[in-house]
Amino acid sequence: MALLLENSTASTSGYLSLEKKVLLKMINALGVNPRCVTSQNQGNGQAMQEFQGKVAVITGAASGIGRGIAEKCVREGMKVVLADIDDALLTKAEAELRSLGGTVLGVRTDVSKRNDVELLARRTLDAFGQIHLLFNNAGVTASGVPWEATWNDWEWVIGVNLWSVIHGVKVFTPLMLAQNTECHIINTSSLAGLMAGAGSAPYAATKHAVVAISECLYLTLQEQKSLVKVSVLCPGLVRTNIANAERNRPEGLRDEPVTRTPEMQAHIVAFKAAIEASMSPQQVADIVFDAIRKEQFYILPHPEYTEVIQLRTDKLLHLENPVSPFAAIAKLMKFTST
């Protein structure tokens, strides 16, 4: 296998020859030997079809959607790097996936910190030499309308949901480009990133931003005829631990305890019950891999919710004020649960 940094055959407007210097600087900054970042023969630009022996990096991998994707990667014969902030769950996931025959590396990672994500890339390259699939999947939520959500809520949710994707894109995309082989980046947003009035202002803001970043990344790489492809995952409710995300909130960003009213407590109970009755992470993972094979950008595991997305789009196109989607959502949830 030839090194892209030494033997690039690209001739597209001098872009790659200029980028090689930037890529080499990036790789050196990570402390990785450039000879570890190898390239395979350039493909025909079609979507990735085979996963055997390839390397996947997954953030938020110890539970929920990330864990479901990790299991799918193992079943596909991939080498898997699990990144998560929860040490206990990470160790458990690593052991269980190895027991299934997987080649697995667990790396404790605070995705809100650039240095941690750079270390994640370095550990991946040191262990496996390449990166083919990147799942920027870690996510948390905190309730609150824009002015009532605390400063800590905003900082925590933006750090995990948004900065994690920025860090992942900034660190891993140049490394993938240097490989000159088929790769795919999947950023996890949410149905909340496609509709109006998602309830939690910090959560909705970050999920809309993830869609925007993903669209920009997709279009830029497409214009460059890159072998690096992009998708954005926008699920509805999935059986995850997001309702218990507070367990991983850093001490410095914790809020003062709040006395819950009966109404607040009932809402929490209903939310957890809805999550328990929702789609499994394994089902989401199957849908994601099907989308990768089809080179599908928008991944909507819950197509029945397209009318909720259309509600926002129609108001926008007709220059009408937004309306709450929750009546439509409640109707759909009742319909799909029967």
Item checked: VAL81 long-range amide H proximity, modeled H, under 5 Å -> ALA56, VAL57, ILE58, LEU105
Check: What does the charge count near HIS132 come to, summing +1 for each Lys or Arg and -1 for each Asp or Glu among other residues with Cβ under 13 Å from its Cβ?
Finding: 0
Next item on the list: Tabulate in residue order the Karplus-calculated ³J(HN,Hα) for the stretch 107-122, using 6.51 cos²θ - 1.76 cosθ + 1.60 with θ = phi - 60°, rounded to whole Hz; enter x for Gly and Pro.
Entry: 10, 5, 9, 9, 5, 6, 10, 4, 4, 5, 5, 5, 5, 4, 5, 5
Item checked: Those trypsin sites (Lys or Arg not before Pro) in the stretch 232-338 that DSSP places in a loop and that have at most 13 other beta carbons within 10 Å -> ARG254, ARG260
Notebook entry, point to check: Taking a threshold of 29 Å on the Cα-Cα distance, which of the pairs LYS54/LYS225; LYS92/LYS229; LYS54/LYS294; LYS72/LYS170; LYS294/LYS315; LYS225/LYS315 fall above it?
Noted result: LYS92/LYS229; LYS294/LYS315; LYS225/LYS315
Next item on the list: Tell me the GluC sites (Glu not before Pro) within the stretch 256-330 that lie in a loop according to DSSP and have at most 16 other beta-carbon atoms within 10 Å.
Entry: GLU295, GLU320
Notebook entry, point to check: What is the sum of charges around SER214, taking Lys and Arg as +1, Asp and Glu as -1, for the other residues whose C-beta is under 12 Å from the C-beta of SER214?
Noted result: +1
Checklist line | Cut-off 11 Å between beta-carbons: net charge of the residues surrounding MET195, Lys and Arg +1, Asp and Glu -1 | finding: +2
Check: With θ set to phi - 60° and the Karplus curve 6.51 cos²θ - 1.76 cosθ + 1.60, what are the ³J(HN,Hα) couplings of the stretch 179-187 in order, to the nearest whole Hz, using x for Gly and Pro?
Finding: 6, 6, 9, 4, 9, 8, 10, 10, 9
Checklist line | Listed peptides 284-292, 65-73 by packing density, highest first (mean Cβ within 10 Å) | finding: 65-73, 284-292
Next item on the list: Arrange the residues MET195, MET333 by how much accessible surface each exposes, largest first, with a 1.4 angstrom probe.
Entry: MET333, MET195
Next item on the list: Mind ranking TRP154, TRP147, TRP163 by accessible surface for me, highest first, 1.4 Å probe?
Entry: TRP147, TRP163, TRP154
Notebook entry, point to check: Probe 1.4 Å, all protein chains in place: accessible area of ARG249 in Å², nearest 10?
Noted result: 10
Check: Which whole-Hz ³J(HN,Hα) couplings does the stretch 127-132 yield from phi under the Karplus relation 6.51 cos²θ - 1.76 cosθ + 1.60, θ = phi - 60°, glycine and proline marked x?
Finding: 7, 10, x, 8, 9, 10
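The values are calculated or read from the model by the stated rules, or taken from the named source; none is laboratory data. Small disclaimer: the values here were computed from a predicted structure and weren't measured. A quick note on method: Cβ atoms are made from the backbone with ideal geometry, for glycine too, and the neighbour counts reach across all protein chains shown. Side chains included, ligands, DNA and RNA excluded: accessible areas come from the protein's heavy atoms. Shrake-Rupley method; radii C 1.70, N 1.55, O 1.52, S 1.80 Å.
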